[in-house]
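Enquirer: Here you go, one structure.
The values are calculated or read from the model by the stated rules, or taken from the named source; none is laboratory data. Computed from a predicted model, the values in this text were never measured in an experiment. Glycine also receives a Cβ, built like all others from the backbone with ideal geometry; neighbour counts cover every protein chain displayed.
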Amino acid sequence: MIVDAYGLFETYGRLLDEDRLEEWLELFCEACRYEIVSRENRCQNLPLSLMLCDNKDMLRDRVHSLRHANIFNIHFDCHVIGLVRADVGEDGRISAGAAYSLFQSNQDGESRLFSVGRYSFGLRRGEDGLLIESALVVVDTGTIPTLLATPI
Amino acid sequence: MIVDAYGLFETYGRLLDEDRLEEWLELFCEACRYEIVSRENRCQNLPLSLMLCDNKDMLRDRVHSLRHANIFNIHFDCHVIGLVRADVGEDGRISAGAAYSLFQSNQDGESRLFSVGRYSFGLRRGEDGLLIESALVVVDTGTIPTLLATPI
Amino acid sequence: MIVDAYGLFETYGRLLDEDRLEEWLELFCEACRYEIVSRENRCQNLPLSLMLCDNKDMLRDRVHSLRHANIFNIHFDCHVIGLVRADVGEDGRISAGAAYSLFQSNQDGESRLFSVGRYSFGLRRGEDGLLIESALVVVDTGTIPTLLATPI
């Protein structure tokens, strides 16, 4: 199980880094949820999200917007994901998590720390491997992704 | 063995990030040693430590101090730990290591690289999994943790 | 296979961090290729390399130069390597990859992000484990390693 969850996180980060957003989308099941919240808000139990897509169509729209708005890819992402944890619950659901660091480099080759935080994913087994039912990204960094920002 | 050591490092980093210091403490056996040294000093064989607790009571005191001194948690930690190595010695002892990056974010959501370096742990098998006998943290970054600084 | 590739990347990063360049060299087979390219150039299919050694003797020369030019090691490296991927092709060749972050610390203990990017290695099985046939380092960061720069 840990190996499968490890592979899912590896694929997740790599597809984002390689700007393969349409393939990244296929890691999610239809009734999925993708949410980015700040750790500050989460610690205070505030319901505000920095980004919230509560089904796959919303994620599709977002990817579609990104494709049409950013004609030129103005930065490169590099996800360095840390150690992966995976637990199987009594209902067969898999909870998996990992800390991440996300670096962005601009076209002048300047790299900077863009975001650090933690992924907490709910996974289930699909035909071709694990699928993401829920992806919660708790960001320590107070970046406010705008409507057209790329996923973390 | 590599899987168990991997799990230990994962838990170690996550518990620190989530400020669960009392549970983090339980990763250590009673006759433990926790030491932070700078790489500079280590390369020159200087005996100076940035932090040294040579039994679990000293670690307990430290956690206790942190709880009573820092009424408000003034930063968030994020440990992104790299690839894990584990070797079993002839005496059954396990040597395990990993490079780490530690990012800190303040309450304004500003993240910065706080420390990079390498963990070298001596582990032994306890009833519920691996326990830390010795944790050596060799830091490349010249941070001088004060008496009340959080562990790395 | 993933475990072996994982171990190779772990060793690769650790030997560089510990300045054990001669042992690092032994991870490569004789007919190897080591190349550093910028992601910008790679995306545009430009043939420019930041560093190119297309056999092991060239790598040996480089290590030799580093040993004789840098009498004092003026920085410490810390490789924090992310999740590892490995695929076995039909011809038995192994393709393995991982994102990396490389931090450098100077003698004043100041650490900085030096380079982020992605390793894409071609591996084959040798007598004592996997060997590197080709190491492609695609760097997002626009660092231009000079002739005497250390490998990434």
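Enquirer: What number of residues in the stretch C:50-74 are under 28 Å from B:V116 (Cβ atoms), crowded, with 18+ Cβ neighbours inside 10 Å and of a type outside the set (A, V, I, L, M)?
Expert: So the answer is 2.
Enquirer: C:L48 is checked against (1) assigned to a loop (DSSP other than H, G, I, E, B); (2) modelled with pLDDT of 90 or more; (3) among the aliphatic types (A, V, I, L, M) and fails just one. What number does that condition carry?
Expert: (2)
Enquirer: State which residue is farthest from the other protein chains (Cβ to nearest Cβ) when the search covers only the stretch B:5-22 and only residues that are among the charged types (D, E, K, R) and assigned to a helix (DSSP H, G or I).
Expert: Top of the filtered list is B:E22.
Enquirer: Another question, if that's okay. With respect to B:H64, determine if the residue is closer than 30 Å to B:G109 by Cβ and in contact with a helix residue (DSSP H, G or I) (Cβ under 6 Å, 6 or more places away or on another chain).
Expert: Here the answer is no, as B:H64 does not meet what is asked.
Enquirer: I've got another one for you. Among the residues of the stretch B:58-71, is there at least one that is away from chain C (no Cβ under 14 Å), of a type in the set (S, T, N, Q) and free of Cβ contacts under 8 Å to residues at least 40 places away in the same chain?
Expert: no
Enquirer: Residues being surrounded by 18 or more Cβ atoms within 10 Å (Cβ to Cβ) and farther than 24 Å from C:D140 by Cβ: count how many of those fall in the stretch A:35-48.
Expert: The qualifying residues number 4.
Enquirer: I would also like to ask the following. Quick check on the stretch B:45-56. Is at least one of its residues within 14 Å of chain C (Cβ to nearest Cβ) and either under 21 Å from B:E133 (Cβ atoms) or of a type in the set (D, E) (or both)?
Expert: Checked the stretch B:45-56: at least one residue is within 14 Å of chain C (Cβ to nearest Cβ) and either under 21 Å from B:E133 (Cβ atoms) or of a type in the set (D, E) (or both).
Enquirer: Filter the stretch A:118-134 for residues that are under 29 Å from B:G109 (Cα atoms) and in contact with a Lys or Arg (Cβ under 7 Å, 6 or more places away or on another chain) and give the result.
Expert: A:G122, A:E133, A:S134
Enquirer: OK, next. Could you please tell me which pairs satisfy a Cβ distance under 6 Å, a separation of 6+ or placement on different chains, a first residue in the stretch A:5-32 that is under 17 Å from A:C78 (Cα atoms), and a second residue that is of a type in the set (D, E, K, R)?
Expert: Pairs found: A:E10/C:R85; A:L15/A:E23; A:L16/A:D77; A:D17/A:D77.
Enquirer: For the stretch B:81-106, how many residues meet the condition of being closer than 24 Å to B:G142 by Cα and touching a residue at least 60 places away in the same chain (Cβ under 8 Å)?
Expert: So the count comes out to 5.
Enquirer: Taking the conditions exactly as written (surrounded by fewer than 15 Cβ atoms within 10 Å (Cβ to Cβ), more than 19 Å from B:G122 (Cβ to Cβ) and in contact with a helix residue (DSSP H, G or I) (Cβ under 6 Å, 6 or more places away or on another chain)), does B:E23 satisfy them or not?
Expert: Yes.
Enquirer: Here's a follow-up. Inside the stretch C:1-13, can you point out the residues that are touching a helix residue (DSSP H, G or I) at 6+ places or on another chain (Cβ under 9 Å) and at pLDDT 95 or above?
Expert: C:Y6, C:G7, C:T11, C:Y12
Enquirer: Condition (residue is within 14 Å of the chain's Cα centre (by Cα) and away from every other protein chain (no Cβ under 13 Å)) applied to the stretch B:75-83: is it met by at least one residue?
Expert: no
Enquirer: So, A:E10, is that one surrounded by 16 or more Cβ atoms within 10 Å (Cβ to Cβ) and among the charged types (D, E, K, R) or not?
Expert: Yes; evaluated as a whole, the condition is true for this residue.
Enquirer: So, one more: Which residues, taken from the stretch B:55-97, are more than 30 Å from C:V84 (Cβ to Cβ) and at pLDDT 95 or above?
Expert: B:N55, B:K56, B:D57, B:M58, B:L59, B:R60
Enquirer: Residue check: is C:L147 of a type outside the set (V, I, T) and either modelled with pLDDT of 90 or more or over 19 Å from C:N55 (Cβ atoms) (or both)?
Expert: no
Enquirer: A follow-up question, please. Pull up the stretch C:23-44, narrow it to residues that are part of a helix (DSSP H, G or I) and modelled with pLDDT under 90, then point me to the one that is nearest to C:L130 (Cα to Cα).
Expert: Restricting to residues being part of a helix (DSSP H, G or I) and modelled with pLDDT under 90, the top hit is C:R42.
Enquirer: For the stretch C:96-143, how many residues are within 14 Å of chain A (Cβ to nearest Cβ) and surrounded by fewer than 17 Cβ atoms within 10 Å (Cβ to Cβ)?
Expert: 2
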